[in-house]
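We did not get these values from a lab; they are worked out from the coordinates using the rules stated. Keep in mind it's a predicted model, so treat the numbers as computed, not measured. Heads up, the Cβs are rebuilt from the backbone with ideal geometry, glycines too, and the neighbour counts pull from every protein chain shown.
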Amino acid sequence: MTAPRSLMLAGVLGASVLALSACTGDQTAPETAPPPPIAESCGAEQLGAYVGQPANEEVLGLIRQWRGDNPIRVLKPGSAMTMDYRPNRLNVFLDDKGMIEKFGCN
């Protein structure tokens, strides 16, 4: 009865050695470069001249034209907003009179 037990023990030990030897293989760095970093700014710091302006179609149209295809979100006081992080999204914050109060990114 010791022969089958010793064969089983030898098999388990052999499998363990093979499994552990796979962990010590030569690991090289990936050959592909990581993607370029996402732009960290939506341009909010460049729009100070619009603070205090009414958020009408003309003014928002100029901002949209300047932004191109990048997203814009207009937020009135108390507006619900998602918390997803999008650094290229421009947030236009309005006061209770519909005037542009400030700009922010995300």
Go through region 55-106 and count every residue that is under 18 Å from the mean Cα position of the chain (by Cα) and farther than 14 Å from Cys42 by Cα. 4
Considering only residues of region 68-103 that are touching a Lys or Arg at 6+ places or on another chain (Cβ under 9 Å) and part of a strand (DSSP E or B), which is surrounded by the most Cβ atoms within 10 Å (Cβ to Cβ)? Leu90
